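Quick notes on the structure that follows.
Values quoted throughout were computed directly from the atomic coordinates according to the rules given, and no laboratory measurement underlies them. Treat the numbers as computed from the prediction; the structure is a model and nothing was measured. As a convention, Cβ positions derive from the backbone with ideal geometry for all residues, glycine included, and neighbour counts pool all protein chains shown.
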Amino acid sequence: MRKIIVHKYGGTSVENIKKMKNIAKRVINLYNEGNSIVLVISAMGKTTDHLVEMARAITENPDRRELDMLISTGEQVSVSLMSIIFKSLGYDSISLTGYQAGIVTSSDYNKGKIEDIDISKIEKYLQEKKIVIVAGFQGRTEEGDITTLGRGGSDTTAVALAAKLQSKCEIYTDVDGIYAVDPRKLGKARLLSEISYDEMMELSNLGAKVMEMRSVEMGKTFQVPIHIGNSVTGKIGTIIKDVDQLMEKKVITGLATESNVSMVTITDILYCSGDIYKIFNLLAEGEINIDMISQTAPIDGKINVSFSTTSLDSNRLKSLLKDYSAHKLYVEENMTKISVVGIGMADQSGVASKLFSIFEDIGIYFKQVTTSEISISFIVNNEDSHILIEEISKAFDLSDD
Ligand code: ADP
Ligand code: ASP
Ligand code: MG
């Protein structure tokens, strides 16, 4: 029986025809070795960004259904070009939109969840020995409207197809695999040969955009090991797998950062006045995404509340909270969230104190700190983030230094 392999290539990896032709050569070698290939391709380069910009030039809030109609076209261009390349080289291939590939999603436009995939068509084409090329990032609702899966969603298309086809899943990108730190932030970051689903999900959630969070979640649910490699060399650097299969459980496996964070502090809120609920309700209605929240103990019947949020428009915030002008509102912009993640943290004490000592040694203070079972996050000024990333990486063996 022919072995099925799902290969996914991201936007930078297919940004021009030369790169696409290189990918085609590798795929043809695999095909000639007797494998059945399903390719999942993203839109070329920054196409999706440009499409979103076109819609936003018309209105701040484009209609969500129409936006999906628009941004799904990026992948339609890349899959068809890829198939033209295969055919020009004498290999039989077929390009499919998410709709044609049988990918059914919820009707949440711009962030559809894959509900099912009818793989009968893909299976038929594979039996006919065609190389199947599926547009990532998209599907259709039960009613037949086109949806997209959220930015970075081609990863999810690939993992979902691998789960359904019970095949190997290989995701190729513009770096060698998953590094302990984004190699753009730390040149000497250590390449991780393995990482657990949970750690990868936490890193993605905390800012490491190398893998879309939901794709890793899907890998965990359906027990699909996800192989990550370099799209130019074709070499796999990292396997995302079950925690039980890890060779080693590190206290800290990786570090993620998120920039453009703002910290908002509201002081002099009357304790038990119900204002906390009312303030956060207004923020929710204004679609302000709240991240970390902290509150001081009541003193003289008053409390202070701080929260962090990304890409905040402080004038909008002030107008949303105009009814609460009796409270003092402080907004600090240009902050970075630095998070360390590690499965070994769950049963090891002293990690926070070791981190605090690094801050102390270099004389930097954080504005907010929060923890989960396998992560600790700090908010710091943007300008302090570089030295902190370097020092934390040295202390926890995240770099090759
Ligand atoms: P693709 O277009 O292939 O989906 P992405 O841009 O979504 O690629 O993801 C690859 C990028 O993710 C890399 O160029 C890298 O800068 C960034 N990145 C962030 N964190 C990490 C990390 N921990 N390991 C590897 N890459 C990371
Ligand atoms: N093209 C989409 C995006 O840029 C999907 C993806 O690349 O995974 O978000
Ligand atoms: Mg991506």
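Order 181-188, 207-214, 58-65 from most to least packed using the mean count of other Cβ atoms within 10 Å. Walk me through the numbers on the way to the answer.
Working: 181-188: 16.9, 207-214: 20.9, 58-65: 11.6.
Listed from highest to lowest mean packing, they are 207-214, 181-188, 58-65.
With each label point set 7 Å from Cα along the Cα-Cβ vector, what nm distance links ARG64 and LEU191?
4.0 nm
Along each of the three principal axes of the Cα atoms of segment 308-369, give the extent in whole Å, ordering the values from largest to smallest.
46, 27, 21
Based on a Kirkwood Rh over C-alpha pairs, give the Stokes-Einstein translational diffusion coefficient of segment 32-124 at 25 °C and viscosity 0.890 mPa s in µm²/s.
In µm²/s, the coefficient is 163.
Want the number for ASP244 to GLN295: 0.36 nm per residue separation, take away the alpha-carbon distance, what's left?
Extra length from ASP244 to GLN295 when fully extended: 14.6 nm.
Obtain the nm distance between the two label points defined at VAL331 and ASP313 by a simple spin-label model: each point lies 7 Å from its Cα along the Cα-to-C-beta direction.
Result for the modelled spin labels: 1.0 nm.
If you take every residue apart from THR148 with its C-beta less than 15 Å away from the C-beta of THR148, what net charge results, scoring Lys and Arg +1 and Asp and Glu -1?
Numbers: positive: ARG64, ARG65, LYS111, LYS113, ARG140, ARG151, ARG214; negative: ASP49, ASP63, GLU66, ASP68, GLU75, ASP108, GLU115, ASP145, ASP155, GLU212.
Once positives and negatives cancel, what remains is -3.
More than 17 angstrom separation, counting every C-alpha pair in segment 186-258; what % is that?
Pairs farther apart than 17 Å: 43 percent.
Which of PHE359, PHE396 has the fewest other C-beta atoms within 10 Å, and how do the rest follow up to the most?
If I rank by nearby Cβ atoms, fewest first, I get PHE359, PHE396.
In debye, nearest 20: dipole of the chain around its Cα centre with unit charges on the Cβ of K, R (+) and D, E (-)?
Using only the charged Cβ atoms, the result is roughly 1440 debye.
Of the listed pairs LYS25/LYS185; LYS87/LYS164; LYS241/LYS394; LYS249/LYS394, which have alpha-carbon separations greater than 24 Å here?
On the way: LYS25/LYS185 32 Å; LYS87/LYS164 27 Å; LYS241/LYS394 26 Å; LYS249/LYS394 18 Å.
Checking Cα-Cα distances, LYS25/LYS185; LYS87/LYS164; LYS241/LYS394 exceed 24 Å.
For segment 219-277 and segment 10-67, what is the centre-to-centre distance using only Cα atoms, to the nearest Å?
Spelled out, the Cα-based centre of one part sits 25 Å from the other.
Give the share of C-alpha pairs in each 10 angstrom bin for segment 274-401, from 0 to the last occupied bin, in whole percents, shortest bins first.
10, 36, 30, 19, 5, 0
Can you list the aspartates and glutamates whose alpha carbon sits under 16 Å from that of LYS367, skipping same-chain ones fewer than 8 residues off?
The qualifying aspartates and glutamates are GLU258, ASP291, GLU332, GLU333, GLU383, ASP384.
How much length, in nm to one decimal, is gained on full extension between ASN281 and ASN381, taken as 0.36 nm per residue of separation minus their Cα-Cα distance? The partial results should precede the final answer.
Details: separation 100, 0.36 × 100 = 36.00 nm, distance 2.79 nm.
Stretched fully, the ASN281-ASN381 segment lengthens by 33.2 nm.
State, to one decimal in nm², a quarter of the convex hull surface area for the C-alpha atoms of the chain, i.e. the direction-averaged projected area.
22.2 nm²
When DSSP beta bridges are limited to those with both residues in the chain, what percentage is antiparallel, rounded to the nearest 5?
60 percent
I'd like to compare 345-355, 190-200: which one has the highest average count of other Cβ atoms within 10 Å, and what's the full order after that?
Numbers: 345-355: 13.2, 190-200: 21.0.
Ranking, from highest mean packing down: 190-200, 345-355.
Going from the alpha-carbon gyration tensor of segment 278-321, what semi-axes, largest first and in whole Å, does one get by taking the root of 5 times each eigenvalue? Kindly include the intermediate steps, with their values, before the conclusion.
Numbers: eigenvalues 89, 28, 17 Å².
Computed over segment 278-321, the values are 21, 12, 9 Å.
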